[in-house]
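The values are calculated or read from the model by the stated rules, or taken from the named source; none is laboratory data. What you are looking at is a predicted structure, and each value in this text was computed from that prediction instead of being measured. Cβ: placed from backbone, ideal geometry, glycine included. Neighbour counts: every protein chain shown.
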Amino acid sequence: MKLKMLGALFALSLAACASFPGDQVAPTKLPSMASYQQRPSVYVDFAFYQGEPGSQGAVEMPQAREQLKPQLETLLRESGLFSRYSLDQFQKQPGDYTLKLKVYNHGSSGAAMLSGIITGVSLFIIPGTARDDYTMTLQVIDPDGRPVLAQQNNESIRTWLGIWFLPLAAHTPKDATNDAFSRQFNALLKKLVDQQVLKYAQLPSPLRG
């Protein structure tokens, strides 16, 4: 009986969870590159860390990287900015730009743990909350190995836990993470275009649609 009760409480804790991006980075509309005959190719060196940005104590999280990799590939494909892209170092080719992309997840883990304990003890009646802060950094290195741009932005995700959030359970942590990641990455891509960091060659006038 006790095992059944614990199982029910665990299932309730999963269902009564809702996550929302902080909307610190607004959605970005990328420009169309359909009229450009030549577009750059890129190798994306992507890493995910737990810890403060640039800190020696930040720990690389390969599992988190793998979870976000499909979303990153979708964003690269849908951007239309590149003739070819790869996340595999062994597929990097001469002439590729390198995008060194890093994501740091940092926040108050102690406060989140205390809030979670209080919520659990109250059988999820007292709501709990936790905030994950994300810093995304992007460094662009040209085909000759020279750094040409370094940018970063910040986003957050607030997760709520408690029976009151059962109606909002469709707002999953995975969806919130993908949303925040997309906002941050597209905003940085837009800066690459605006600052003309990457080289594009336009189609001759008669061939433009």
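Here are a few things to note about the model shown:
- Whichever residue in segment 96-115 is in a loop (DSSP other than H, G, I, E, B) and modelled with pLDDT under 95 and, among such residues, is farthest from A58 (Cα to Cα): S108
- Among the residues examined, Y43 qualifies as at pLDDT 95 or above and of a type in the set (S, T, Y).
- Scan of segment 62-79 for residues that are under 20 Å from S41 (Cβ atoms), of a type outside the set (V, I, T) and surrounded by fewer than 14 Cβ atoms within 10 Å (Cβ to Cβ), ordered by number: R77, E78
- Yes/no for R77 being over 21 Å from S156 (Cα atoms), in a helix (DSSP H, G or I) and modelled with pLDDT of 95 or more: yes
- Members of segment 75-108 found to be among the β-branched types (V, I, T) and under 12 Å from the mean Cα position of the chain (by Cα), listed by number: V103
- Pairs where the first residue, in segment 43-68, is over 15 Å from F181 (Cβ atoms) and part of a helix (DSSP H, G or I) and the second is among the aromatic types (F, W, Y) and modelled with pLDDT of 95 or more, C-beta under 8 Å, 6+ apart: P62/F48
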